[in-house]
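The values are calculated or read from the model by the stated rules, or taken from the named source; none is laboratory data. Remember, predicted model here, so these are calculated numbers, not experimental data. Every residue, glycine among them, receives a Cβ derived from its backbone with ideal geometry; neighbour counts consider all protein chains shown. Side chains are part of the model used for accessible areas, which takes the heavy atoms of the whole protein and leaves out ligands, DNA and RNA. Shrake-Rupley method; radii C 1.70, N 1.55, O 1.52, S 1.80 Å.
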Amino acid sequence: MTSVPRVTPPPASAARSHPRSPGALFVAFTLLALQGFGGVLAVAQRELVDRRGWLSRDEFIEAYSLAQLLPGPNVVNLSLMVGDRFFGWRGALAAISGMLLAPLALVLAAAAGYQQLAGYPAVAGALRGMGAVAAGLILAMACKMLLTLRKNLMGPWLCALLGLTALIAVVVFRMPLAWIVIGLGLAGWSLARVCIMRQSGRPAAQPGNAAASPGAGAERPGTGTATAGAAHRHSSPEAKQ
């Protein structure tokens with residue numbers, strides 16, 4: 001019987017989809033912006049990672065962390081990085097255009113009619129309801145992002161400590177966001193650097209110990225030879241007698 005060769009599945013990175021053109025990026029970010037009532041980041045994680053599969057969760061966390069550190073709106077920075085990732089400056093221009101054009105038109109239209117509609121209780125209730133939905137979406141995104149901490153070099157406990165410290169600083173002490181980002185960002189960077197140095201130092205120490213043990217074993221034959229030579233010198237006078 002002839003054995004059937006096994007077909008190895010392609011890696012996960014090769015099976016990941018990507019936008020076909022800058023126009024697809026423009027449409028995707030336009031739809032993403034139209035869904036983001038109260039915040040686009042929660043919808044961005046679902047659209048880019050879960051639904052379209054353009055980014056993995058780890059890649060989304062890295063891009064979002066960098067977008068948080070850079071000046072400017074987080075979602076605008078994120079759209080620029082995602083667009084540049086696939087199509088360079090053309091993709092960045094398409095992504096940021098899709099992110100800003102449709103919401104700009106809606107905001108201008110809403111601002112024109114808000115003075116007339118603000119007095120209606122139904123409008124005020126609708127705005128409060130949208131705020132509650134936005135808070136729920138952000139909480140759901142945070143729960144999904146917590147799953148990526150299992151692969152973090154610092155471990156889940158250090159990551160949870162940094163996150164809890166940031167939460168207490170914002171909610172309890174009401175510290176400015178710039179202080180929190182700079183202070184806890186530098187602390188997280190230092191802790192991650194220490195963890196990376198420790199992990200990179202462990203494999204390097206094992207070959208050194210393994211290389212030292214043959215050297216120690218190589219001294220024993222030399223010691224035995226010297227001992228044999230000394231015994232021969234002691235025994236040589238007896239032989240002469």
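Among the residues of region 126-144, is any surrounded by 13 or more Cβ atoms within 10 Å (Cβ to Cβ), of a type in the set (K, R) and in a helix (DSSP H, G or I)?
Yes: region 126-144 contains one or more residues that are surrounded by 13 or more Cβ atoms within 10 Å (Cβ to Cβ), of a type in the set (K, R) and in a helix (DSSP H, G or I).
Is it true that L100 is assigned to a helix (DSSP H, G or I), open to solvent by 60 Å² or more (accessible area, probe 1.4 Å), within 17 Å of T30 (Cα to Cα) and touching a residue at least 12 places away in the same chain (Cβ under 8 Å)?
yes
Provide a single number: the residues in region 37-95 that are in contact (Cβ under 8 Å) with a residue 40 or more places away in the chain and outside any helix (DSSP H, G or I).
5
Which pairs have Cβ atoms under 8 Å, sit 6 or more apart or on different chains, and link a residue in region 155-176 that is without any contact (Cβ under 8 Å) to a residue 24 or more places away in the chain to one that is of a type in the set (G, A, S) and open to solvent by less than 60 Å² (accessible area, probe 1.4 Å)?
Within 8 Å, the pairs are M175/A169.
Applying the selection to region 152-174, what residues are assigned to a helix (DSSP H, G or I), within 14 Å of the chain's Cα centre (by Cα) and buried (at least 16 other Cβ atoms within 10 Å of the Cβ)?
Once the filter is applied, which keeps residues that are assigned to a helix (DSSP H, G or I), within 14 Å of the chain's Cα centre (by Cα) and buried (at least 16 other Cβ atoms within 10 Å of the Cβ), region 152-174 yields only C159.
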